[in-house]
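Each remark here refers to the structure printed beneath this line.
The values are calculated or read from the model by the stated rules, or taken from the named source; none is laboratory data. Here the structure is a predicted model, which means the values were calculated and not measured. Virtual Cβ from ideal backbone geometry, glycine too; neighbours counted across all protein chains shown.
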Amino acid sequence: MPGGFLNLTAEVRNHGHKLSGRPGWPYFDPALTAPDSNMKDVQGYPNVNLISGDAEYHSKIFAFNAGMEVLDGIQFYSFGSYGDKKAQSYENYRTPSTVSYQGPLTGGVKTYLFPLGFSPLEATRETDYELTEGSRASLRSGNGIYPQPTVTTRSASTR
């Protein structure tokens, strides 16, 4: 770009779950009864609490910085960024008896929706962007040059 510049930067990061499970609290309870006694059949038993590991995340980041002289002594510039991140992490293991139903749909029989229990995921999505643009002109007088900046900024974030 003659008389100007443009810098671009981009980054993509992906990180999977790092699982380092710990024994679940029911594991230490010898008095477990059905359906919670099914917990021994959960993959990874007795280390069913996956909360001790890293979250999984995927992020994309883009930034730019640009400027140029449009007329003698008048400069235009702009810079900004955009980021998007999705993440999810495991919470503590829930036993099979955490979620059950007993009513007319099951003929009065108690039904467990997750017979082996479950490990819930907490998820988040963030989007963030910012844009700044401005101009600068130099006013000349008998006593010197005085820069006169004008700046406009826009930014937003969603979660």
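If I filter the stretch 67-114 down to residues being among the acidic types (Asp, Glu) and under 30 Å from Leu19 (Cβ atoms), which single residue comes out as modelled with the lowest pLDDT? That would be Glu91.
Ser81 falls short on exactly one of the conditions (1) in contact with a strand residue (DSSP E or B) (Cβ under 7 Å, 6 or more places away or on another chain); (2) closer than 30 Å to Gly134 by Cα; (3) without any contact (Cβ under 8 Å) to a residue 12 or more places away in the chain, and that condition is (3).
Tally the residues that are surrounded by 14 or more Cβ atoms within 10 Å (Cβ to Cβ) and outside any helix (DSSP H, G or I), restricting the search to the stretch 92-110. Quick ask: steps written out before the conclusion?
Step one: filter the stretch 92-110 for residues surrounded by 14 or more Cβ atoms within 10 Å (Cβ to Cβ), giving 92-98.
Then drop every residue that is not outside any helix (DSSP H, G or I), which leaves 92-95.
The number of residues fulfilling the criteria is 4.
Restricting attention to the stretch 57-91, the residues that are under 24 Å from Leu32 (Cα atoms) and either surrounded by 15 or more Cβ atoms within 10 Å (Cβ to Cβ) or polar (S, T, N, Q) (or both) add up to 1. Against the criterion of being at pLDDT 90 or above, surrounded by 11 or more Cβ atoms within 10 Å (Cβ to Cβ) and among the polar types (S, T, N, Q), Thr132 does not qualify.
Can you name every residue in the stretch 22-44 that is modelled with pLDDT of 80 or more and either buried (at least 16 other Cβ atoms within 10 Å of the Cβ) or not in a loop (DSSP other than H, G, I, E, B) (or both)? Of everything in the stretch 22-44, those that are modelled with pLDDT of 80 or more and either buried (at least 16 other Cβ atoms within 10 Å of the Cβ) or not in a loop (DSSP other than H, G, I, E, B) (or both) turn out to be Pro35, Asp36, Ser37, Asn38, Met39, Lys40, Asp41, Val42.
Take the conditions farther than 30 Å from Leu6 by Cβ, touching a Lys or Arg at 6+ places or on another chain (Cβ under 9 Å) and not aromatic (Phe, Trp, Tyr) and apply them to Gly44. Does it pass? In short, no. Scanning the stretch 111-126 for residues that are among the hydrophobic types (A, V, I, L, M, F, W, C), in a strand (DSSP E or B) and surrounded by 12 or more Cβ atoms within 10 Å (Cβ to Cβ) gives Phe118, Leu121.
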